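The structure under discussion appears below in the form of structure tokens.
What follows is calculated from the coordinates using simple rules that are stated; it is not laboratory data. In this text, all values refer to a predicted model and were calculated from it rather than measured experimentally.
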Amino acid sequence: ELLLELPADETSFEDMPEGSHPYGWHFSPDNPYNQAPDHEVVAVRRTRDGGHVMHHRRNILHHWRSGITGGRMRLQFDFRPAPGAADELYFAVGIADAIRRADYALGSPTQHGPYVEVMWPGAAVTSVDYMDNKTNIGKIDRNRWHRMVLLLNLDHNHYQVILDGKKTQKSIDFFNARWFREAQYLFFDSQNMLIDNLSVLHLPGSDPGV
């Protein structure tokens, strides 16, 4: 089942007008840095070769209509820092479960599934858990596009990462593996990042492959 539907094809931003707000995305009001209109937080931009990509400067979310449980999920996307991005740069991607709040004033507690971050300078790619334990995935070149694939096992709450075609040797537990119940939204977080060729698939009871 295709979970992320874009107007033209499932994995690109080509039919979205330059400068428009990308279909299906919004910024998180819980993030105190998101003090800007939607189009300033995330927008479609034209590249030098005429293609369209998603450019985001804050924490952005894509919610699914209902929570996803069981089986396998496959998230794939291409990414790179935007031209002019600061030397010190943070990027994170993950899929999370927003638990129903106990009280309106408390906000919605979040249980994270896969959580991968990239830090510049150094460009180290790591997965992170709730104890801040980090699993090294690799390093990347700041000045070119990279492809990341997350392969999720929703039956056992662990995942593997494929970075530029190289898969992690072992499965990695979800950030909150013990409490994660269902996949409710996808997020990207960065101050200045480009995203393209994005797709999310859910395959109940089967292996999504590479």
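By how many nm would the segment from Glu88 to Ser171 grow when fully extended, if each residue of separation counts as 0.36 nm and the alpha-carbon distance is taken off? Each step should come with its number before you reach the end.
Numbers: separation 83, 0.36 × 83 = 29.88 nm, distance 2.93 nm.
Full extension from Glu88 to Ser171 adds 27.0 nm.
With Cα atoms as the point set, the range 42-179 shows a radius of gyration and Dmax of 16.1, 50 Å. Principal axis analysis of the Cα atoms in the range 126-185 yields extents of 37, 23, 20 Å, listed in decreasing size.
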